[in-house]
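Below: one structure, written as structure tokens.
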Amino acid sequence: MNKTDITIGMTFYKNVPDRRGNDSNEIRELTVVKVGNKYMEMSNGDNVTIETLTHENKNYSQLDLTRQEIVDIWETNALREKIRRYFQYGPPNRITLEQLRKIVEVIDEIE
């Protein structure tokens, strides 16, 4: 993102991790208070790098432009985890040959 794209009062969203650092279901809305050459100051007092939308001390998750971006990330992570757990030790025997063909067809579309 460029400095010219940022305006005071612009809204960004941040996923708030729980105490263990995992994603929680809380999205915090932050607004831009001040724009500098390299950093912008947010409504919670944090300085965020304009180019990467990350906190200057790097211990901060990236800001997103919309709530939907964060919700999409949560859904992607949940679906990947479900698929990983399901196929962790190979496909279960209860999957039919036709279902296996459909799975391979989807994988082939990706590759």
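Data for the structure
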{"quantity": "With every protein chain in place, the chain: carbon and sulfur % of accessible area (1.4 Å)", "calculated": "49 percent"}
{"quantity": "Highest-MSF residue in the chain out of GLN68, GLN99, GLN88 [GNM, Cα springs under 10 Å]", "calculated": "GLN99"}
{"quantity": "Crossing angle, helix 97-110 versus the chain [Cα axis fit, 0-90 degrees, rounded to tens]", "calculated": "30 degrees"}
{"quantity": "Surface per residue (accessible, 1.4 Å probe) for the chain, Å²", "calculated": "76 Å²"}
{"quantity": "Most mobile of ASP46, ASP18, ASP64 in a GNM of the chain (Cα contacts under 10 Å)", "calculated": "ASP18"}
{"quantity": "Nearest 10 degrees, 0 to 90: helix 67-86 Cα axis against the chain principal axis", "calculated": "30 degrees"}
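The values are calculated or read from the model by the stated rules, or taken from the named source; none is laboratory data. Keep in mind that this is a model prediction, so the values were computed, not measured. Heads up: the accessible areas ignore ligands, DNA and RNA and are worked out on the full protein's heavy atoms, side chains in. Shrake-Rupley method; radii C 1.70, N 1.55, O 1.52, S 1.80 Å.
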